Each structure stands twice: as structure tokens, then as C-alpha cells.
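The values are calculated or read from the model by the stated rules, or taken from the named source; none is laboratory data. This is a predicted model, so every value here is computed, not measured. Cβ: placed from backbone, ideal geometry, glycine included. Neighbour counts: every protein chain shown.
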Amino acid sequence: MLLLRLPAAIAVIALLLPGLRPSAAAEVKVWAGGVVRPVLSELAPRFEREAGHKLAIEYGSSPEFARHLAGGQTFDAAILIPATIDAWIKEGRIAADSRTNIAQAGLGVAVRAGADKPDVATVAALKQTLLDAKSVAHSSEGPTRAQLMRLLDRLGIAEQMRSKLKPFPGGGVLKSVAEGNAEMVVAPIPTIVGTTGVVNAGPLPPDLQTYLQLTAGVASAAKEAAAARALIRLLAGPAAADIIRAKGFEPFK
């Protein structure tokens, strides 16, 4: 049912907005957090096929994209954490009326596929699991690193864990666990679900759970503003809801 519904919804968008007709095909430059890759990997080909546009998607962290801006690079649409989108709206880089909440993802604990799943079901169990771990990977920068540090502070084990923490580039954190270079990682559940070689031992206990939220916006100086707005409307609409949930996200309003 979903396969029939989604392309039809995109086709409606393409017909309603002249700028989306295949005769006006263009490349839409999208900056997105890595956590949304599983969703865009499935939706992008359908959008391109039905809307007649090419999506040029670059995945990275907010600090990376801030450096892009400082270097004079441009984008059409951004799908990043709310704080970044809001800051760029204040700076005049993103059109305020394009701000759209997309989804949010809770955190889980990933271990190498085939390894015994540690107990993370309660606060006490998670604390002991982290203390028993030989190494815990984390991104060298970005929101997931900050979330891990806050988690360790809340558990009262930040100092005890310091020697066990292993930083990796954002795109290589889960890969480090899959390849055995780190024992575990606390990461957004969608990235765990979408990574080969790792499994989710479970979500963080409710008392400790935090969410990585995603908000989208269109650049004020976007070259392909109409197509960028249509893409965001698709991601936030009912046609994409089933895919977003299947990838481990939750609604974010």
C-alpha cells in the first residue's frame, strides 16, 4: 500500500508546483545529519523519479556545515538539529517560514553483531554495562557526543569512563564497533538499525532517554527553493510517515 501511496503523493507535488516539473529539472543541494540517511536513501530515488529533480545530498554534522558556510559553500535545503536551523534563521541564512519539524530519534546502545547483548534496560543495568565496557566509541563532534557526555554525567561516571572513550569521525562511529575497534556506542536508534554489522542492545531506560531531533529549512538564497520546499513537505507529510517509523524515528511536532 505504501509503495502505491508515496509516489502518487510526490507526483501531486510535482504537478502542483511548476518549478517541480521534469522540464525544469535541476539539482537540489541538501545538507543533512547522518542520522537521516536511511530515510533519504529510500525516499530520494522516488522523489527524483517523480519530481524530475536530482538530489545532491551531503551528510555531516552541524559543525561541519558551519565550516562549509564559512568557506562560502551554499545549499538549498538543510535537515539538521533544531538549534542549528534556528540559528541560521536568525542569521538570515534560512527562510523562517520554511522551518519544519521532521522527526526525532531516541538513543540506543549498539554492539557488534553476534556479540552478547548487554543489559541496558534499567538505569542501574546501563551504568554497570558502561563501567564494564572496555571501550565506548563516540563521535568526535556533533550532538551525539554531547548527549553521551550528559548521559555519563547523569550516571555519575564521567570521570571513571574518561579512559574508555574512543573518538571517531561522525561517519565512522558505528563502523568502529562493527569492525571490533570499540566494544559499544550510544547512538540514535535509526543509525543503529541502518548499519550493517551492529545490533541494538536496547533503547536507553526511559528515565535517561533523550532525543535527537531533526528540523528542516530552505536556504534564503536557495537556487531551487520550490523543489527544496517540496522535498521538506514530503518528509513531513503522511506519505513518508511509515518509512520514517520503520527506520526507528518517532513523530516530532
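Brief remarks on what is shown
- Filter pass, Leu214 being in contact with a strand residue (DSSP E or B) (Cβ under 6 Å, 6 or more places away or on another chain) and in contact (Cβ under 8 Å) with a residue 40 or more places away in the chain: yes
- For Ala146: the one exception among (1) in contact with a strand residue (DSSP E or B) (Cβ under 8 Å, 6 or more places away or on another chain); (2) closer than 27 Å to Glu250 by Cβ; (3) among the small types (Gly, Ala, Ser): (1)
- Selection from the stretch 82-101 of residues that are part of a strand (DSSP E or B) and buried (at least 21 other Cβ atoms within 10 Å of the Cβ): Ile94
- Taken over the stretch 98-120, the criterion of being charged (D, E, K, R) and under 22 Å from Gly172 (Cβ atoms) is satisfied by Arg112 alone.
- Of all residues in the stretch 205-228 being β-branched (Val, Ile, Thr) and either modelled with pLDDT of 95 or more or more than 20 Å from the chain's Cα centre (by Cα) (or both), the one that is farthest from Lys29 (Cα to Cα): Thr215
- Residue match in the stretch 83-93 (condition: touching an Asp or Glu at 6+ places or on another chain (Cβ under 6 Å), of a type in the set (A, V, I, L, M, F, W, C) and on the phi < 0 side of the Ramachandran plot): no
- Residues of the stretch 176-204 classified as over 25 Å from Ile243 (Cβ atoms) and either more than 21 Å from the chain's Cα centre (by Cα) or among the hydroxyl-bearing types (Ser, Thr, Tyr) (or both), total: 6
- Given (1) touching a helix residue (DSSP H, G or I) at 6+ places or on another chain (Cβ under 6 Å); (2) polar (S, T, N, Q); (3) more than 16 Å from Ile232 (Cβ to Cβ), index of the condition Thr84 fails: (3)
Matching residues to (1) closer than 28 Å to Ala133 by Cα; (2) in contact with a strand residue (DSSP E or B) (Cβ under 6 Å, 6 or more places away or on another chain):
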site: Leu69; (1), (2): no, no
site: Ala78; (1), (2): no, yes
site: Gly92; (1), (2): no, no
site: Asp97; (1), (2): no, no
site: Gln104; (1), (2): yes, yes
site: Val111; (1), (2): yes, yes
site: Asp116; (1), (2): yes, no
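- When each of Gly142, Gly217, Gly171 is tested for being surrounded by fewer than 19 Cβ atoms within 10 Å (Cβ to Cβ), in contact with a helix residue (DSSP H, G or I) (Cβ under 7 Å, 6 or more places away or on another chain) and under 30 Å from Phe47 (Cα atoms), the lone residue that passes is Gly171.
- Within the stretch 150-160, being in contact with a helix residue (DSSP H, G or I) (Cβ under 7 Å, 6 or more places away or on another chain) and within 16 Å of Ala187 (Cβ to Cβ) holds for one residue alone: Leu152.
- Cross-chain or 6+ apart pairs with Cβ under 6 Å, the stretch 128-157 first and in contact (Cβ under 8 Å) with a residue 60 or more places away in the chain and closer than 17 Å to Ala182 by Cβ, then basic (Lys, Arg) and in a helix (DSSP H, G or I): Ser139/Arg145
- In the stretch 45-66, the residues that are at pLDDT 90 or above, buried (at least 16 other Cβ atoms within 10 Å of the Cβ) and among the aliphatic types (A, V, I, L, M): Leu55, Ile57
- Candidates are the residues of the stretch 53-97 that are of a type in the set (S, T, N, Q) and within 20 Å of Arg145 (Cα to Cα); the one that is farthest from the chain's Cα centre (by Cα) is Thr84.
- Residue check for Ala158: over 18 Å from the mean Cα position of the chain (by Cα) and not assigned by TED's automatic domain parsing to the domain that holds Val39: yes
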